[in-house]
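None of the figures in this text is laboratory data; all of them are computed from the coordinates on show. As the structure is a prediction and not an experimental result, all values here were calculated from the model. Methodologically, a virtual Cβ is constructed for each residue, glycine included, from the backbone with ideal geometry; neighbour enumeration extends over all protein chains shown.
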Amino acid sequence: ELGPPPRARVVVFDEQAAMAHTGGDRRLLKQVIAIFRSDAPASLRRIDSALRRHDSEALRMAAHAVKGAIATVGSPAGREAASELESMARSSSWVDAHRAVDELRRVMRQLDEAFQAAGLLPRASTRKRVRRATPRKRSKR
């Protein structure tokens, strides 16, 4: 007997969906992405902590929060991974929850690459600060 059909590959980043969340405002989308990226480490720490403690309610809540945030930045694959983790938390399936967290982390890394490719991340400054050749004159007080 055949198993379930393979799941279709879900898109990591859907820029149109992300833009819809910001009313088509690309600058606002960049800000939303920056907030998401700055909050992500704390969100993952909450998930890890809940997993270590086998606290299904804390894990469910943390996964739910990530699910909403990652959907807002336009990641169907991220939303699906967080939703899967939320489901594992509800059923206290700890081994499966660990796998779901690994998948969520993988998607988040890919999402960062997609943000970069779409030009939605600030560029790392490659310019070095140039010192003035001549010292500034001091103003007399």
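For region 17-73, the percent of C-alpha pairs falling in each 10 Å distance bin, counted from 0 to the bin holding the largest distance, reads 25, 42, 23, 10, 0.
Each residue, residue 19 and residue 55, gets one label point 7 Å from its Cα in the Cβ direction; the gap between the two is 4.1 nm. When the alpha carbon coordinates of region 28-119 are projected onto the principal axes, the ranges are 39, 17, 16 Å, largest first. A straight chain from residue 42 to residue 123 at 0.36 nm per residue would run longer than the Cα-Cα distance by 26.9 nm.
Note on residue 106 and residue 64: the model spin-label points, each 7 Å out from Cα along the C-beta direction, lie 2.7 nm apart.
The local environment of residue 55, defined by Cβ-Cβ distances under 15 Å, has a net charge of +3 under the rule Lys, Arg +1 and Asp, Glu -1.
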